Amino acid sequence: MTTNSSRHLWSSVLIFSFLLINTFSALAQRNLHTVTGKVTDEQGTPLEYATISFQNPSDPKNLTGGITDPQGNFSIDVSAGTYDITVEFISFEPKTFSNREITGDVNMGNIVLGMAAGELGEVVVTAETTQVEVRLDKKIYNIGKDLTTAGGTVADALNNVPSVSVDVEGGISLRGNENVRILINGKPSAMAGFGNTDVLSQLPADAIERVEVITSPSARYDAEGTAGILNIILRKENTLGFNGSVSARAGYPDQAGLSTNLNLRTDKFNIFNTTGFRYFDAPGNSFADTRYFDYTNEDGELVSPRFDRIIEDREIERLNRNFNTSLGVEYYLTDRSSVTATGFYRYGEDEDVTTNLSRMFEDGARSQETRRVEEEMEEDNSYQISLNYMNRFDDSGHQLTADLQFEKDKETQVGDINETIDFNLGEELPFYPREQTFTKEDQTEYLIQADYVRPIGEEAQFEAGYRGNFEEQITDYSLLLEDEETGDLIQSPLSNMFTYTENVNSLYSQYGNKFGDFSFLLGLRLENTQLKGDIQSELTAEELEEEFGIPIDTQFDNNYLGLFPTVNLIYEIGERENVTVGYNRRINRPRGWFINPFPSRSSRTNIFQGNPNLEPAFSNAFDVGYLKRWDKLTFTSSVYYQHETDSFERVEQGTTAADGTQVIRTIPINLATNTRLGAEAGILYNPARWLRLNGSFNFFQFDTEGEYNNVDYSAKNTSYFGRFSSKVSLPWKIDWQTNAFYRGASEGAQTETEGLLSIDMALSKELFNETASLTLNVRDLLNSQKRESFTTTQFFERESEFQWRQRSVTLSFTYRFNQQKRDQQRRERGEGMNDEDMDNGGEF
């Protein structure tokens, strides 16, 4: 680092060391005047967390100041007097305004900082711990240097974000609610998967800049997702010049990967790219012990299943290879406008082999054993093209943005299922036909969006916009069954083509204002949802109903028009303390696989099928939050309440196959109401430079009421989950981190689930003058991330255990070039500063 930049850095350190004390002193004085302005770079880009310091020339110890908000604006109260005013930002040349006399309110206008010479060769130092910022409608977690996700994926990183949990199958939930909307850079994206979150297990964790947890979304966001929204912001460097990083990883079970993050910025354009390749083996397993009961069917007849007990042991071998790359170009048309074009491509190949060993019992004695081997190959091609235009009309935040996005996803699955009989006591040897399945999914999605923001005076802001999402998914499914006499494979009448269309048009407007320590944001969103389905099959609607046990509408066209109000309030109790209140109405639209009635099977006796009769669920949610900062401690908390109507629930029912075998069919239904009440708390604590701790705890209760087919599925359950992380800096630039997660037991209408403990551990060593790092991490150290559950219905009871992914060990190496220390240091400078600037930031 140059001598000049070192002096600036140490100056910043001294400023922040005394900032809090002097800020309180200044506020205690009378005759305060407000100094405002905006700080940008030479291209007009706002500089967030730039430092503005006020120093009395005759009394250098008399020092106060503040920082800029996300739009580069600052508003600082100082006593009357004469000051040397210094504006600083790491890697930029500071500007000093000497002997400025403050006798009243002053607007310093737009202050432009230029890049400092000799800064581009410095080393990046990322945030050591996750930092939290509170806005009117969200919490922002700036992802820290998390060793346990080194070499990991976006899904791994999300599991360390407070309020968020990722289950053993990769499913993401927010505050224990799985209906969460995943956005990338504020928009639905192929990067987040089409209707599922599988792709998040393929993107590298180090691609994340921050995660926005939006439990009370404002009207600017899509109303989808009754739990709320997770908005994942990917990295895009704003530093002039060429810089980036390269990471390589290897581990056990077999895994290897290589990823790069590259950025080139000049005065006129910014080019950024993330590319990654990953090869990994993810073995899993499951166990189920099911006991079947005699039952009375709809005709009043007593039915006794052929087998009274079936034990299944399943081993799953997964071999996955995937490649993804994104390339973006941001071109600055003028100092205030830019156009950004981004392309994303993903290719994946999966080879899965599932071996299911089933043991059947009659009257308590073993009667039959079968071995079912399912080989499945999947090929996935996805790409996305997006275009963004932004025009800042002035420095006040008055701007217009427009987005166009096109996405295409093609998935092809080929399955070969062969079931053999290893043991049989019956007089006749049953025939289990060989099966082949061919599934082709083709999904197309268009997005059109425009947002207009208009500040009104110093504190108020009006915003309005439009968004249109147009999505079509075509699933072409063929099932071939072996003919018992000829051995030929013959197409089953269950083969079908299902076309699902979802079109959503929405308009919104919102208004925010601030009165002293009180800020509010009121919004209203109007959404029209069209859900269309077309089933082409050899079977008639009546035959489909008889086959699947529910009425099937082979062609449906449903339209829903709804208003979704939002209210968000924040009250600043002090500079480091605030209370937030939020209300929002949300919608949960059924997705493709929840609607497609044609079944998927994990075994002959376990079937999942969608329900085309599903209707959207609606919820009203309330949230009250509290935040308090100390010098080394940040505390966040909230209580929340949600009432959902027509909520989705999966119920399990028993049917009997032609050979008398009992079959369990799982189907999603609209089950009346679901009420959820909960509370959460989180702590970020840095007691010393060598020790960083954080933890969170979420406690919730949900009450479900409803019945289906004259069966009462009402249930009341209380559960919780908590996580704790500690990071210790050892000598020789070695860091040691441990993460622990525990989810408490839960109980639904049919299933009780045991608690689950998972521990991750990692060691990291900085190399080559901190331009590189070597990290060893172990995920699920105790190999305990298993879901154990017990299900009871009028047809059967089942004890089961499922492990999606076994313990893994990963060694990763990362090399960084031409990156700066700026990002973390400006975050650190924000600690202890004016929370009004940090948390509100003029962003309504």
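Quick notes on this structure:
- Yes/no for residue 411 being outside any strand (DSSP E or B) and farther than 30 Å from residue 264 by Cα: no
- Note on the stretch 247-309: enclosed strands (runs of 3 or more DSSP E) holding 1 or more residues that are touching a helix residue (DSSP H, G or I) at 6+ places or on another chain (Cβ under 8 Å) and under 30 Å from residue 351 (Cα atoms) are 255-265, 269-281.
- Checked against (1) under 28 Å from the mean Cα position of the chain (by Cα); (2) more than 30 Å from residue 455 (Cβ to Cβ); (3) surrounded by fewer than 15 Cβ atoms within 10 Å (Cβ to Cβ), residue 541 passes all but a single condition, namely (1).
- Of the residues examined, residue 473 is one that is within 30 Å of residue 219 (Cα to Cα), in contact with a helix residue (DSSP H, G or I) (Cβ under 7 Å, 6 or more places away or on another chain) and assigned to a strand (DSSP E or B).
Results for (1) touching a His at 6+ places or on another chain (Cβ under 9 Å); (2) more than 30 Å from residue 629 (Cβ to Cβ); (3) surrounded by fewer than 19 Cβ atoms within 10 Å (Cβ to Cβ); (4) at pLDDT 90 or above, shown as yes or no for each residue.
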residue: 798; (1), (2), (3), (4): no, yes, no, yes
residue: 817; (1), (2), (3), (4): no, yes, yes, no
residue: 822; (1), (2), (3), (4): no, no, no, no
residue: 836; (1), (2), (3), (4): no, no, no, no
residue: 842; (1), (2), (3), (4): no, no, no, no
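- Residue list for the stretch 410-431, restricted to those being over 22 Å from residue 386 (Cα atoms), in contact with a strand residue (DSSP E or B) (Cβ under 9 Å, 6 or more places away or on another chain), surrounded by fewer than 17 Cβ atoms within 10 Å (Cβ to Cβ) and not β-branched (Val, Ile, Thr): 416, 418, 422, 423, 424, 425, 426, 429, 430, 431
- Residue, nearest to residue 65 (Cα to Cα), within the stretch 21-40, restricted to residues that are crowded, with 19+ Cβ neighbours inside 10 Å and at pLDDT 75 or above: 35
- Test: residue in the stretch 276-299 that is free of Cβ contacts under 8 Å to residues at least 12 places away in the same chain and touching a Ser or Thr at 6+ places or on another chain (Cβ under 6 Å): yes
- Of the residues screened, residue 610 is one that is under 16 Å from residue 502 (Cβ atoms) and either in contact with a Ser or Thr (Cβ under 7 Å, 6 or more places away or on another chain) or of a type in the set (Gly, Ala, Ser) (or both).
- Subset of the stretch 57-96 [among the charged types (D, E, K, R) and either in a loop (DSSP other than H, G, I, E, B) or closer than 27 Å to residue 45 by Cβ (or both)]: 69, 77, 84, 88, 93, 95
- Subset of the stretch 707-728 [surrounded by 15 or more Cβ atoms within 10 Å (Cβ to Cβ) and not hydrophobic (A, V, I, L, M, F, W, C)]: 708, 713, 717, 718, 719, 720, 722, 723, 725, 726, 727
- Enumerated strands (runs of 3 or more DSSP E) restricted to the stretch 580-666, each holding at least 1 residues that are among the hydroxyl-bearing types (Ser, Thr, Tyr): 600-603, 617-629, 633-645, 648-656
- Yes/no for residue 339 being closer than 14 Å to residue 386 by Cβ and surrounded by fewer than 16 Cβ atoms within 10 Å (Cβ to Cβ): no
- Among the residues listed as 607, 595, the single one being under 23 Å from residue 437 (Cβ atoms) and more than 25 Å from the chain's Cα centre (by Cα): 607
- Selection status of residue 53, within 23 Å of residue 114 (Cα to Cα), touching a Leu at 6+ places or on another chain (Cβ under 7 Å) and either free of Cβ contacts under 8 Å to residues at least 24 places away in the same chain or not in a loop (DSSP other than H, G, I, E, B) (or both): yes
- Some residue of the stretch 315-326 being within 28 Å of residue 790 (Cα to Cα) and either modelled with pLDDT under 90 or not acidic (Asp, Glu) (or both): yes
Residues are listed down the side, and each one gets a yes or a no for (1) under 24 Å from residue 636 (Cβ atoms); (2) touching a residue at least 24 places away in the same chain (Cβ under 8 Å); (3) of a type in the set (A, V, I, L, M, F, W, C); (4) outside any strand (DSSP E or B):
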| site | (1), (2), (3), (4) |
| --- | --- |
| 694 | yes, yes, no, no |
| 700 | yes, yes, yes, no |
| 704 | no, yes, no, no |
| 717 | no, yes, no, no |
| 722 | yes, yes, no, no |
| 725 | yes, yes, no, no |
| 728 | yes, yes, yes, no |
| 732 | no, yes, yes, yes |
| 736 | no, yes, yes, no |
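- Verdict on residue 766 being under 28 Å from residue 599 (Cβ atoms), in a strand (DSSP E or B), among the charged types (D, E, K, R) and free of Cβ contacts under 8 Å to residues at least 60 places away in the same chain: no
- Of all the listed residues (489, 480, 494), the sole one being more than 28 Å from residue 445 (Cα to Cα), crowded, with 17+ Cβ neighbours inside 10 Å and either over 26 Å from the mean Cα position of the chain (by Cα) or touching a residue at least 60 places away in the same chain (Cβ under 8 Å) (or both) is 480.
- Sub-6 Å Cβ pairs linking a first residue in the stretch 630-659 that is touching a residue at least 40 places away in the same chain (Cβ under 8 Å) to a second residue that is of a type in the set (Lys, Arg), at least 6 apart or interchain, are 635/628; 642/676; 653/665; 655/665, ordered by first then second residue.
- Count of the stretch 725-758 residues which are at pLDDT 85 or above, among the hydrophobic types (A, V, I, L, M, F, W, C) and in contact with a Phe, Trp or Tyr (Cβ under 8 Å, 6 or more places away or on another chain): 6
- Test: residue in the stretch 205-222 that is touching a strand residue (DSSP E or B) at 6+ places or on another chain (Cβ under 6 Å), acidic (Asp, Glu) and modelled with pLDDT under 70: no
- Looking only at the stretch 706-715, and only at residues there that are without any contact (Cβ under 8 Å) to a residue 40 or more places away in the chain and small (Gly, Ala, Ser), the one that is nearest to residue 783 (Cα to Cα): 715
- Number of the exception - residue 555 against (1) surrounded by fewer than 16 Cβ atoms within 10 Å (Cβ to Cβ); (2) touching a Leu at 6+ places or on another chain (Cβ under 9 Å): (2)
- Test: residue 535 is part of a strand (DSSP E or B) and touching a helix residue (DSSP H, G or I) at 6+ places or on another chain (Cβ under 9 Å): yes
- So residue 684, is it buried (at least 16 other Cβ atoms within 10 Å of the Cβ) and of a type in the set (A, V, I, L, M, F, W, C): yes
The values are calculated or read from the model by the stated rules, or taken from the named source; none is laboratory data. The structure presented is a predicted model; accordingly, all values stated were derived computationally and were not measured. Cβ atoms come from the backbone with ideal geometry, glycine included; neighbour counts cover every protein chain shown.
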